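S.K.: Please read through the structure below; I'll follow up with questions.
The values are calculated or read from the model by the stated rules, or taken from the named source; none is laboratory data. Here the structure is a predicted model, which means the values were calculated and not measured. Neighbour counts are summed over all protein chains in view; Cβ atoms, including those assigned to glycine, are modelled from backbone coordinates with ideal geometry.
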Amino acid sequence: MTNSIAVPEPALTQEQIIERARDMVPTLRARQEETEELGRLPDSTSRDLIDAGFYRILQPRRFGGYEFDLPTFSRVAIQLARGCPSTGWAFTLTAGHAHLLASYFSEEAQAEIAGADGDIRVPGRFRPGTAVEVDGGYRCTGTFDYVSGCDSATYLTFGFALDEDLTAGELATDVITLIPFDQVEIVHNWDVLGLRGTGSNRVIVDDVFVPSHMTIHSFFDLQAPPFPGRTVHENPIYRRGSLAGLVFAETCSVAIGTARGVLDLFEESIRTRRTTVLPLVAMTEHAQYPRFYGEALQGIEVAEAALLQTNADYMAEARRADAEERDFDPDLDRRLQLRMQLCAKMAYDAVLLMMRVNGSAGMRTGAMWQRYLRDMNVLMTHNTVQPELVSDFYGRLHFGLMPHGAEALVPQVR
């Protein structure tokens, strides 16, 4: 196949698209309450993200994307989350899958989902439903919770097991599929403490036929044959890039962006308030509050710098692996994940510091301070930003030990 889709703005640069995200921060802050009340991205925000080209950052140029790099993706995600953590989360967990599609699915599938204009938005989840192999494909059924960004999807990607006796919650996945948005049902059941505007709702797939060319073998299966997407594009990020490393970059970018949003509020607060205990002075003149600000800034900027360097190392390893015609180094992949998780923890610690020393002024119901804190706390429940989990996993593998409880987890090492 030789089809190609022109990008909307051929001359757009990485710095320009990052600047667009930075310019959007005040608008996203103003829409936080609306986003939370809707439980999903407002239509205006969805349209702004599409028009700005953000979903095309990691999308191959051949299919209408800008094919920028992972640091650019993270820098945009940080700014979007700075303005609205829910928006940043829904964006990253949708736009990041452009890499998945380009790296794993066939040329035919990629062309089909790109359509005529390259508008691709494909959130999903890989905890399996069940599938039955039939002539020409599979009939798929499943219920998938926590599908962030599903309301603004063009397609969705889900994992299915061929074992009818599979018990709920098992990780075994045999096939990964692409399903059009109009063939699923969305149940709006996302009602949690924070990140309430992410639209992380339940999606029901009820006996949907998925043709073979819109499926791949599970990427959790180390014995799977080579994935067709690995030969479609020349860019090493698609030919050799690690899916796990990119997923960790998504969530950690949102954590750092959320911390930057709190830092903005903290600066506004100490510039306009006075202390309530002796000495009664402007907070900017107090002995401690400028120090608190400096400590928070220090943690956030070190976390962001480390994340961007990790992203750069990811890109460099993809190029090396491609030049040497080998897989992405699995040990390096896990070390990069460890780094990113610590970045998220540093951002979280900075948020907790600012929340504590700012006092109860921002904790009123509906206050932006409170919303950021709730969002950050829910964000940190995600397993990609919990360093203890991957630290143990990495350490045991490094010393030749099987991870705890782990035969079922071995396929996920890569």
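S.K.: Hey, could you check the stretch 2-17 for residues that are under 21 Å from the mean Cα position of the chain (by Cα) and surrounded by fewer than 19 Cβ atoms within 10 Å (Cβ to Cβ) and say which is farthest from ASP151 (Cα to Cα)?
M.R.: Across the stretch 2-17, the extreme among qualifying residues is GLU15.
S.K.: Also: Filter the stretch 36-89 down to the residues that are basic (Lys, Arg), over 22 Å from VAL262 (Cβ atoms) and either in contact with a helix residue (DSSP H, G or I) (Cβ under 8 Å, 6 or more places away or on another chain) or in a helix (DSSP H, G or I) (or both) and list them by number.
M.R.: ARG40, ARG47, ARG56
S.K.: When only residues in the stretch 287-297 that are more than 9 Å from ALA350 (Cα to Cα) and crowded, with 18+ Cβ neighbours inside 10 Å count, which is farthest from the chain's Cα centre (by Cα)?
M.R.: TYR289
S.K.: Of the conditions (1) modelled with pLDDT of 95 or more; (2) loosely packed, with under 15 Cβ neighbours inside 10 Å; (3) farther than 24 Å from VAL147 by Cα, LEU265 clears all except one; give me its number.
M.R.: Going through (1) modelled with pLDDT of 95 or more; (2) loosely packed, with under 15 Cβ neighbours inside 10 Å; (3) farther than 24 Å from VAL147 by Cα one by one, LEU265 breaks only (2).
S.K.: Within the stretch 42-72, count every residue that is touching a Leu at 6+ places or on another chain (Cβ under 6 Å) and closer than 21 Å to ASP375 by Cα.
M.R.: 0
S.K.: Just name the residue that is farthest from THR251 (Cα to Cα) out of those in the stretch 311-340 that are of a type in the set (Asp, Glu) and part of a helix (DSSP H, G or I).
M.R.: Across the stretch 311-340, the extreme among qualifying residues is ASP322.
S.K.: Taking the condition of being under 21 Å from ARG260 (Cα atoms) and buried (at least 17 other Cβ atoms within 10 Å of the Cβ), how many residues in the stretch 298-324 meet it?
M.R.: Residues in the stretch 298-324 being under 21 Å from ARG260 (Cα atoms) and buried (at least 17 other Cβ atoms within 10 Å of the Cβ): 9 in total.
S.K.: Of the residues ARG374, ARG396, ARG364, only one is assigned by TED's automatic domain parsing to the domain that holds PHE292, touching a Leu at 6+ places or on another chain (Cβ under 7 Å) and surrounded by fewer than 18 Cβ atoms within 10 Å (Cβ to Cβ); which?
M.R.: Exactly one of ARG374, ARG396, ARG364 is assigned by TED's automatic domain parsing to the domain that holds PHE292, touching a Leu at 6+ places or on another chain (Cβ under 7 Å) and surrounded by fewer than 18 Cβ atoms within 10 Å (Cβ to Cβ), namely ARG374.
S.K.: Give ASP145, ASP206, ASP174, ASP117 a once-over and let me know the one that is among the acidic types (Asp, Glu), buried (at least 21 other Cβ atoms within 10 Å of the Cβ) and in contact with a strand residue (DSSP E or B) (Cβ under 8 Å, 6 or more places away or on another chain).
M.R.: Sole residue among the options that is among the acidic types (Asp, Glu), buried (at least 21 other Cβ atoms within 10 Å of the Cβ) and in contact with a strand residue (DSSP E or B) (Cβ under 8 Å, 6 or more places away or on another chain): ASP174.
S.K.: Among the residues of the stretch 117-154, count how many are under 16 Å from LEU101 (Cα atoms), part of a strand (DSSP E or B) and without any contact (Cβ under 8 Å) to a residue 60 or more places away in the chain.
M.R.: So the count comes out to 1.
S.K.: Would you point out which residue out of PHE68, PHE63 is in contact with a strand residue (DSSP E or B) (Cβ under 9 Å, 6 or more places away or on another chain), over 24 Å from ARG196 (Cα atoms), of a type outside the set (Lys, Arg) and touching a residue at least 24 places away in the same chain (Cβ under 8 Å)?
M.R.: PHE63
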